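Peer 1: Please find one structure pasted underneath; my questions will follow.
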Amino acid sequence: MKPVHANIPHQLGKADAKKRLENGMGKLSEMIPGGDVTSHHWEGDRLFFTAQAMGQTIAATCDVREDVVAVELDLPPMLAMFAGKIREKLERSGPKLLQ
């Protein structure tokens, strides 16, 4: 697995950022080409979710902090070649998740 890291800055505080992430789970699928979020759950301020893309499973976490959401995706080898594009998309489009 090749991890992809991205930081999504915000000015919402933890509670509002968590609420907007929860309400925007459908938008998370848009961050991964051909992806679909299959499950998610919270443990404190950390969101765990899995997605399917191209028949592969991606495990991910979002650590919600006061001013940033730190995202980590574990890409299987078949999707690792898209790591750079996925990171760029997260950093460019990620703020839409929090709107």
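Peer 1: Please give the number of the condition LYS14 fails out of (1) touching a Leu at 6+ places or on another chain (Cβ under 7 Å); (2) open to solvent by 60 Å² or more (accessible area, probe 1.4 Å); (3) at negative phi.
Peer 2: Among (1) touching a Leu at 6+ places or on another chain (Cβ under 7 Å); (2) open to solvent by 60 Å² or more (accessible area, probe 1.4 Å); (3) at negative phi, the lone unmet condition for LYS14 is (1).
Peer 1: Taking the stated definitions as given, is ALA60 touching a helix residue (DSSP H, G or I) at 6+ places or on another chain (Cβ under 9 Å), modelled with pLDDT under 85 and open to solvent by less than 70 Å² (accessible area, probe 1.4 Å)?
Peer 2: No: the conditions fail for ALA60.
Peer 1: Looking only at the range 52-71, how many residues end up being within 12 Å of the chain's Cα centre (by Cα) and under 14 Å from LEU21 (Cβ atoms)?
Peer 2: Total satisfying the criteria: 8.
Peer 1: Here is a check on your reading of the model: is ALA6 in contact (Cβ under 8 Å) with a residue 60 or more places away in the chain, hydrophobic (A, V, I, L, M, F, W, C) and touching a Lys or Arg at 6+ places or on another chain (Cβ under 8 Å)? Before you say what the answer is, go through the steps one by one.
Peer 2: Numbers: in contact (Cβ under 8 Å) with a residue 60 or more places away in the chain: yes; hydrophobic (A, V, I, L, M, F, W, C): yes; touching a Lys or Arg at 6+ places or on another chain (Cβ under 8 Å): yes.
Yes; evaluated as a whole, the condition is true for this residue.
Peer 1: Pick out, from the range 8-99, the strands (runs of 3 or more DSSP E) lying fully within it that include 2 or more residues that are of a type in the set (Ser, Thr, Tyr) and in contact with a strand residue (DSSP E or B) (Cβ under 8 Å, 6 or more places away or on another chain).
Peer 2: Passing ranges, in order: 35-43, 56-64.
Peer 1: Criterion first (open to solvent by less than 20 Å² (accessible area, probe 1.4 Å), at negative phi and part of a strand (DSSP E or B)) does VAL4 satisfy it?
Peer 2: Spelling it out, VAL4 is indeed open to solvent by less than 20 Å² (accessible area, probe 1.4 Å), at negative phi and part of a strand (DSSP E or B).
Peer 1: Give the residue, chosen from ASP36, ASP74, that is open to solvent by less than 60 Å² (accessible area, probe 1.4 Å) and acidic (Asp, Glu).
Peer 2: On the way: ASP36 fails: open to solvent by less than 60 Å² (accessible area, probe 1.4 Å).
When all the criteria are applied, what remains is ASP74.
Peer 1: Something else now. Answer yes if at least one residue in the range 42-52 is exposed (fewer than 14 other Cβ atoms within 10 Å of the Cβ) and touching a residue at least 40 places away in the same chain (Cβ under 8 Å), and no otherwise.
Peer 2: no
The values are calculated or read from the model by the stated rules, or taken from the named source; none is laboratory data. Predicted, not measured: the structure shown is a model, and the values here were computed from it. For neighbour counting, all protein chains shown are included, and Cβ atoms are generated from backbone atoms with ideal geometry for every residue, glycine included. Surface accessibility is based on the protein's heavy atoms, side chains included, excluding ligands, DNA and RNA. Shrake-Rupley method; radii C 1.70, N 1.55, O 1.52, S 1.80 Å.
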